[in-house]
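First comes the structure, then the notes that go with it.
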Amino acid sequence: MIPPTDTPKSPCVGVCQVNHQQMCVGCSRTLGEIGKWSIASPAEKRSILELVRQRRAAQAPPVQTVPGETNS
C-alpha cells in the first residue's frame, strides 16, 4: 500500500495510444486523467491509480484452469 504522504508515480508505460473510448491503451487513463496528472495532489493521483487498477482488472482475461489440476 502507498503511504498517504508519498506522491504516486505515473502509470505511464510509454505506449501512448488513445483508443475509441478516449483512453490510453498503455496506462488505462482517460485523456482528462492524463492531463490532470501533473497538477493532481497525491490523494487525487491515488484515486486515479485506483480507477486504473479497476479498469485493468475488468479488462484482464479470465484465468483458465485445466480440469483435474489444482492451483497450488
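The values are calculated or read from the model by the stated rules, or taken from the named source; none is laboratory data. Bear in mind that the values here come from a model prediction, so they are computed numbers and not experimental data. We place every Cβ from the backbone using ideal geometry, glycine too, and count neighbours over all the protein chains shown. Accessible surface is based on the protein model in full, side chains and every heavy atom, while ligands, DNA and RNA are left aside. Shrake-Rupley method; radii C 1.70, N 1.55, O 1.52, S 1.80 Å.
Which residues, taken from region 22-50, are hydroxyl-bearing (Ser, Thr, Tyr), in a loop (DSSP other than H, G, I, E, B) and open to solvent by 40 Å² or more (accessible area, probe 1.4 Å)?
So the first thing to find is which residues in region 22-50 are hydroxyl-bearing (Ser, Thr, Tyr), and the list is 28, 30, 38, 41, 47.
Within this subset, residues satisfying the condition of being in a loop (DSSP other than H, G, I, E, B) are 28, 38, 41.
Matches in region 22-50: SER38, SER41.
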>> Here's a check for you: in region 18-46, which residue that is polar (S, T, N, Q) and touching a strand residue (DSSP E or B) at 6+ places or on another chain (Cβ under 7 Å) is modelled with the highest pLDDT?
In response: THR30
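Could you count how many residues in region 2-18 are exposed (fewer than 13 other Cβ atoms within 10 Å of the Cβ) and under 15 Å from the mean Cα position of the chain (by Cα)? Give the derivation first.
Within region 2-18, the subset exposed (fewer than 13 other Cβ atoms within 10 Å of the Cβ) is 2-7, 9, 13-17.
The next check asks that each one be under 15 Å from the mean Cα position of the chain (by Cα); those that pass are 2, 9, 13-17.
Going through region 2-18 one residue at a time, the tally reaches 7.
Among the residues of region 57-72 satisfying the criterion of being under 16 Å from CYS24 (Cα atoms) and open to solvent by less than 100 Å² (accessible area, probe 1.4 Å), which is modelled with the lowest pLDDT? Let's see the steps before the verdict.
Within region 57-72, the subset under 16 Å from CYS24 (Cα atoms) is 57-60.
Right, trim to open to solvent by less than 100 Å² (accessible area, probe 1.4 Å) and you get 57-58, 60.
Working: ALA57: 93, ALA58: 92, ALA60: 79.
The extreme case among them is ALA60.
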>> So, ARG53, is that one without any contact (Cβ under 8 Å) to a residue 60 or more places away in the chain, exposed (fewer than 13 other Cβ atoms within 10 Å of the Cβ) and not in a loop (DSSP other than H, G, I, E, B) or not?
In response: yes
